[in-house]
Ligand SMILES: Nc1ncnc2c1ncn2[C@@H]1O[C@H](COP(=O)(O)OP(=O)(O)OP(=O)(O)O)[C@@H](O)[C@H]1O
Ligand SMILES: [Mg+2]
């Protein structure tokens with residue numbers, strides 16, 4: 001076999017374990033879910049095999065599901081925006097600091113060493129009725145009764161930002177790192193002061209990172225299940241909680257399947273639209 | 001009035017001094033080249049003028065105005081970076097227009113000047129392309145157009161040709177010089193390529209280890225180096241340790257293998273007060289002749305060819321004269337060529353020899 005042929009084949013050889021596991025662990029179960037979604041749970045609790053559209057019709061027409069979907073997308077959007085606004089300066093600082101970048105990046109990764117659930121629950125110790133925040137305020141005599149800070153949409157977003165911020169920072173950092181510092185110097189030498197240089201050169205060139213980080217935060221945020229359970233109130237359920245509820249609590253696999261397919265479809269189309277309208281390809285071309 | 005004046009500027013990075021007190025006067029409209037080996041402080045000096053680095057000490061004046069504390073975006077300097085630094089997300093026209101936009105030049109005039117600049121670098125048809133679609137040479141020209149369209153007081157170029165391949169580099173060299181002369185802009189050019197420096201400069205500044213070794217016209221520096229470093233760095237030289245002697249009222253230098261070489265007074269004057277003296281003979285000032293060639297007015301020595309290195313129309317001989325190795329560069333004449341081991345006559349004119357001193 002010629003080297004050229006071998007090289008042409010090599011990527012597939014190297015990719016095959018990943019492709020096989022994606023096929024077995026993702027595509028095949030997804031097919032099962034699709035099949036399940038057309039079954040029907042009968043009053044007896046048994047699944048009726050067949051081709052029923054009942055669950056699809058229920059989910060697509062009931063306003064309850066639509067409202068929770070919108071709430072999910074709203075929470076994910078706000079989380080993404082907060083992450084972008086908080087993450088950009090941090091990423092910029094890391095990318096522009098000299099020497100100690102490795103340590104700063106390590107600090108950024110540090111939270112990943114602790115379970116996401118524990119990190120989320122830590123907010124209970126901070127914002128709970130007998131948590132740190134209330135204790136300090138009471139000690140200082142500012143309040144007499146502890147404030148009810150937890151279990152609302154704001155704390156859900158807080159928990160999500162806490163979880164997702166490092167992803168955003170890393171993505172922005174990578175694209176900032178890629179920008180040739182001479183470009184900023186060139187812009188300055190041509191008469192643009194630092195603010196203008198940032199807006200016209202640095203920011204546009206870091207957009208791919210911002211966009212990738214944003215997409216990641218949005219998709220992970222919209223699919224979250226644990227954060228609303230731990231930090232949300234009864235009205236702050238997100239779409240993944242419905243799936244859990246249907247499958248685990250009610251043992252209604254067909255309904256759960258429909259719900260998960262709807263979530264996948266919605267997030268999938270958002271990714272596609274995002275790709276199309278943010279013109280990421282175009283941007284990439286300019287940078288390649 | 002000089003366009004740029006450096007007055008005892010110093011740059012320290014921590015304990016390391018990259019540029020020792022350096023003073024330089026750059027006349028209006030001249031093309032000045034900073035030449036020196038890697039790490040000698042050329043870029044550092046240029047970046048201080050550009051405002052990208054603050055001098056630790058000293059003053060920088062542009063058009064008589066002290067600009068140490070003027071921020072870079074108000075200095076009105078045109079900079080061409082080694083890697084061109086074109087904005088990848090902007091078209092060629094927008095790249096060139098960038099500086100004008102930030103000077104609040106109205107749109108019509110802006111478009112006219114961008115078109116003129118692209119005309120000057122002979123790439124008007126690329127206005128709507130993106131930098132990545134251009135070849136290295138084209139990017140180079142656009143970077144130049146972007147720098148000069150703002151009509152800067154001074155044009156600063158840091159090794160702008162080094163990323164191009166050899167042929168293109170020579171073309172761009174001519175092109176760059178043409179443009180510089182056409183718009184008559186004061187230019188500071190940094191390179192470590194001596195042929196570039198010799199070909200393009202009005203004034204050559206040879207640097208080493210953060211110090212200026214010699215300043216002058218390229219021809220003058222080439223033919224009359226004032227330090228051992230410059231003699232060694234520019235061209236190919238034979239440098240012999242020597243002693244000051246005189247014979248028959250004529251003073252000169254005596255060195256191993258060549259003996260006494262009479263030198264002109266102005267050369268001897270360069271040695272006044274120096275601890276060591278060296279005799280410098282340029283490789284191309286030495287001739288190799290067959291042993292039986294008739295005598296002429298030049299000094300003549302017998303030697304043995306040790307190696308021959310053909311370089312196209314030039315040939316380089318390594319010759320041993322009484323244990324001293326000489327390098328000789330001769331045009332390949334066709335009629336006479338020599339082989340390893342040939343006994344030859346090595347000749348040079350004492351008038352072509354230069355003395356340099358060292359402390
Ligand atoms: N930011 C910096 N911090 C510390 N040392 C530096 C810095 N910039 C340059 N130097 C040092 O200063 C010296 C001069 O550097 P400079 O870049 O001016 O050299 P140069 O003459 O341009 O060399 P080259 O031909 O390789 O570009 C070098 O020894 C370099 O290591
Ligand atoms: Mg340099």
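Given the condition within 14 Å of another protein chain (Cβ to nearest Cβ), out of contact with any helix residue (DSSP H, G or I) (no Cβ under 7 Å at 6 or more places or on another chain) and part of a loop (DSSP other than H, G, I, E, B), answer yes or no: does some residue in the range B:25-34 qualify? Outline the logic, then answer.
Step one: list which residues in the range B:25-34 are within 14 Å of another protein chain (Cβ to nearest Cβ), which gives none.
Checking the range B:25-34: not a single residue is within 14 Å of another protein chain (Cβ to nearest Cβ), out of contact with any helix residue (DSSP H, G or I) (no Cβ under 7 Å at 6 or more places or on another chain) and part of a loop (DSSP other than H, G, I, E, B).
Do we have any residue at all in the range B:57-72 that's within 16 Å of ligand 1 (Cβ to nearest atom), assigned to a helix (DSSP H, G or I) and under 23 Å from residue B:215 (Cα atoms)? No - not one qualifying residue is present in the range B:57-72. Only helices (runs of 4 or more DSSP H) whose full extent lies in the range B:201-311 are considered here, and the ones with at least 3 residues that are closer than 20 Å to residue B:359 by Cα and outside the structural domain of residue B:46 (by TED's automatic domain parsing) are B:228-233, B:265-269.
Could you go through the range A:190-203 and let me know if any residue there is more than 14 Å from chain B (Cβ to nearest Cβ) and either modelled with pLDDT of 90 or more or more than 30 Å from residue A:237 (Cβ to Cβ) (or both). The answer is no; no qualifying residue exists. Looking across the range B:74-86 at every residue that is outside any loop (DSSP other than H, G, I, E, B) and buried (at least 20 other Cβ atoms within 10 Å of the Cβ), the one that is farthest from the other protein chains (Cβ to nearest Cβ) is identified as B:80. Condition (residue is part of a loop (DSSP other than H, G, I, E, B) and over 30 Å from residue B:78 (Cβ atoms)) applied to the range A:102-113: is it met by at least one residue? No, every residue in the range A:102-113 fails to be part of a loop (DSSP other than H, G, I, E, B) and over 30 Å from residue B:78 (Cβ atoms). State yes or no: is residue A:38 in contact (Cβ under 8 Å) with a residue 12 or more places away in the chain, surrounded by fewer than 13 Cβ atoms within 10 Å (Cβ to Cβ) and not in a helix (DSSP H, G or I)? So residue A:38 fails the test.
Please verify whether residue B:153 is farther than 15 Å from residue B:96 by Cβ, within 14 Å of chain A (Cβ to nearest Cβ), over 19 Å from the mean Cα position of the chain (by Cα) and in contact (Cβ under 8 Å) with a residue 24 or more places away in the chain, treating the condition exactly as stated. Break it down stepwise before answering.
Numbers: farther than 15 Å from residue B:96 by Cβ: yes; within 14 Å of chain A (Cβ to nearest Cβ): yes; over 19 Å from the mean Cα position of the chain (by Cα): yes; in contact (Cβ under 8 Å) with a residue 24 or more places away in the chain: yes.
Answer is yes for this residue.
Taking the listed residues B:64, B:58, the one that is touching a residue at least 40 places away in the same chain (Cβ under 8 Å) and touching a helix residue (DSSP H, G or I) at 6+ places or on another chain (Cβ under 9 Å) is B:58, with no other qualifying.
Out of curiosity, is residue B:52 closer than 16 Å to residue B:188 by Cα, in contact with a helix residue (DSSP H, G or I) (Cβ under 9 Å, 6 or more places away or on another chain), part of a loop (DSSP other than H, G, I, E, B) and within 11 Å of ligand 1 (Cβ to nearest atom)? The answer is yes for residue B:52. Which ones in the range B:202-236 are within 16 Å of ligand 1 (Cβ to nearest atom) and within 26 Å of residue B:166 (Cβ to Cβ)? Matches in the range B:202-236: B:204, B:205, B:206, B:207, B:208, B:230, B:233, B:234. For the range B:158-192, the set of residues classified as within 16 Å of ligand 1 (Cβ to nearest atom) and at pLDDT 95 or above consists of B:188, B:189, B:190, listed by residue number. Candidates are the residues of the range B:55-71 that are within 14 Å of chain A (Cβ to nearest Cβ) and touching a strand residue (DSSP E or B) at 6+ places or on another chain (Cβ under 9 Å); the one that is surrounded by the most Cβ atoms within 10 Å (Cβ to Cβ) is B:62.
Let's see how each residue does on (1) within 28 Å of residue B:174 (Cα to Cα); (2) within 16 Å of ligand 2 (Cβ to nearest atom):
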residue	(1), (2)
B:16	no, yes
B:22	no, yes
B:33	yes, yes
B:37	yes, yes
B:48	yes, yes
B:86	yes, no
B:89	no, no
B:97	yes, no
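Give the residues of the range B:4-14 that are touching a strand residue (DSSP E or B) at 6+ places or on another chain (Cβ under 9 Å) and within 16 Å of ligand 2 (Cβ to nearest atom), sorted by residue number.
Our first condition is that a residue be touching a strand residue (DSSP E or B) at 6+ places or on another chain (Cβ under 9 Å); within the range B:4-14, this holds for B:4-12.
Passing the criteria: only B:11.
Restricting attention to the range B:106-116, does a residue exist that is within 20 Å of residue A:183 (Cα to Cα) and either outside any loop (DSSP other than H, G, I, E, B) or within 16 Å of ligand 1 (Cβ to nearest atom) (or both)? Yes - at least one qualifying residue is present in the range B:106-116. Once the range B:156-177 is narrowed to residues that are within 16 Å of ligand 2 (Cβ to nearest atom) and within 30 Å of residue B:63 (Cβ to Cβ), the residue that is farthest from the other protein chains (Cβ to nearest Cβ) is B:161. Could you list, in sequence order, the residues of the range B:116-147 that are within 17 Å of residue B:98 (Cα to Cα) and within 13 Å of chain A (Cβ to nearest Cβ)? The answer is B:117, B:129, B:130, B:131, B:139, B:142, B:143, B:144, B:145, B:146, B:147. Determine whether residue B:5 is more than 15 Å from ligand 1 (Cβ to nearest atom) and assigned to a strand (DSSP E or B). Answer is yes for this residue.
Screening the candidates A:59, A:13 for the property of being within 35 Å of the chain's Cα centre (by Cα), assigned to a helix (DSSP H, G or I) and at pLDDT 90 or above yields one hit, A:59.
In the list B:250, B:214, B:194, B:180, which residue meets the criterion of being away from every other protein chain (no Cβ under 14 Å) and within 16 Å of ligand 2 (Cβ to nearest atom)? So the residue among B:250, B:214, B:194, B:180 that is away from every other protein chain (no Cβ under 14 Å) and within 16 Å of ligand 2 (Cβ to nearest atom) is B:194.
The values are calculated or read from the model by the stated rules, or taken from the named source; none is laboratory data. Computed from a predicted structure; not experimentally measured. Neighbour counts are summed over all protein chains in view; Cβ atoms, including those assigned to glycine, are modelled from backbone coordinates with ideal geometry.
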